[in-house]
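These notes concern the structure reproduced below.
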Amino acid sequence: MQTAKVYYLKNIDRATFERLKAAQMESGKIWNICKDLHLEARKTNQPWPTQITLQTATKGKAEIHSQSAQRVCQSFIANVDATRQHRKQGNKRIKYPWRTKTFYPVLWPAQAIKVKDG
């Protein structure tokens with residue numbers, strides 16, 4: 001199990017807020033690419049894309065840190081795997097990812113971010 005540290009950003013200036021909002025939109029763009037590739041594979045009865053396939057397909061498609069884009073792909077695959085498990089257990093109401101997202105949380109690995117002055 002991975003441990004995550006959550007930092008709440010208080011009293012940030014407008015420019016920083018806009019940069020973070022843009023990063024969330026770029027992260028959403030990566031999620032949507034993953035969703036579209038997975039949906040296309042399901043519709044055409046092709047093998048479902050793997051994490052490596054998704055990372056390769058999304059490389060350079062968004063203006064966020066490469067490791068953050070990889071984390072979105074990992075989250076997408078985890079979502080698909082969890083849905084698959086629920087459906088095997090008989091819960092057919094749960095759907096595979098299908099919604100287009102405007103925003104998606106940006107996940108920064110420890111190497112991609114630094115905290116200065118608290």
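The values are calculated or read from the model by the stated rules, or taken from the named source; none is laboratory data. It should be emphasised that the depicted structure is a prediction, and the values quoted were computed from it without experimental measurement. Here the Cβ is made from the backbone with ideal geometry for all residues, glycine too, and neighbour counts use every protein chain on show. All accessible areas refer to the heavy atoms of the entire protein, side chains included, with ligands and DNA or RNA removed. Shrake-Rupley method; radii C 1.70, N 1.55, O 1.52, S 1.80 Å.
Within the range 15-28, at least one residue is in contact with a helix residue (DSSP H, G or I) (Cβ under 7 Å, 6 or more places away or on another chain), surrounded by 16 or more Cβ atoms within 10 Å (Cβ to Cβ), part of a helix (DSSP H, G or I) and modelled with pLDDT of 95 or more. Scan the range 89-118 residue by residue and report those that are hydrophobic (A, V, I, L, M, F, W, C) and either part of a loop (DSSP other than H, G, I, E, B) or in contact with a helix residue (DSSP H, G or I) (Cβ under 7 Å, 6 or more places away or on another chain) (or both). Within the range 89-118, ILE94, TRP98, PHE103, VAL106, LEU107, TRP108, ALA112, ILE113, VAL115 qualify. Does GLU40 satisfy the condition of being of a type in the set (Asp, Glu), out of contact with any strand residue (DSSP E or B) (no Cβ under 8 Å at 6 or more places or on another chain) and either at pLDDT 95 or above or surrounded by 18 or more Cβ atoms within 10 Å (Cβ to Cβ) (or both)? Judged against the criteria, GLU40 is a match. Pairs linking a residue in the range 57-78 that is without any contact (Cβ under 8 Å) to a residue 40 or more places away in the chain and open to solvent by 70 Å² or more (accessible area, probe 1.4 Å) to a residue that is part of a helix (DSSP H, G or I) and basic (Lys, Arg), with Cβ atoms under 7 Å and 6 or more positions apart or on different chains, are LYS61/LYS29.
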